[in-house]
Amino acid sequence: MWKNKVVGNARASGSAETKSAAVAAGRKLAIKRGTAHYIHTKDGRVGERRSYPRARS
């Protein structure tokens, strides 16, 4: 089970059976919020980091 969690929240924002599905859902959430998306490995280390800045209106 892979989970997406927003920093500061006590509970996971969502979960998925595969890492690729969790990464896709996490990416959508980060783009919507205009934040960074950290992708962790199974052992909990940060494997990748992507930034999605907010669009300037």
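Things worth noting here:
- From the options 23, 6, residue that is among the β-branched types (Val, Ile, Thr) and not in a helix (DSSP H, G or I): 6
- Among the candidates 26, 47, 8, residue that is of a type outside the set (Val, Ile, Thr) and at positive phi: 8
- On the stretch given as region 8-57, residues that are touching a helix residue (DSSP H, G or I) at 6+ places or on another chain (Cβ under 9 Å) and of a type in the set (A, V, I, L, M) total 3.
- Search result, residues across region 28-55 that are touching a strand residue (DSSP E or B) at 6+ places or on another chain (Cβ under 7 Å) and either touching a residue at least 40 places away in the same chain (Cβ under 8 Å) or open to solvent by 100 Å² or more (accessible area, probe 1.4 Å) (or both): 38, 49, 50
The values are calculated or read from the model by the stated rules, or taken from the named source; none is laboratory data. All values reported here derive from a predicted model rather than from experimental measurement. Using ideal geometry, Cβ is built from the backbone for each residue, glycine included, and neighbour counts are taken over all protein chains shown. SASA here: full protein model, heavy atoms, side chains in, ligands and nucleic acids out. Shrake-Rupley method; radii C 1.70, N 1.55, O 1.52, S 1.80 Å.
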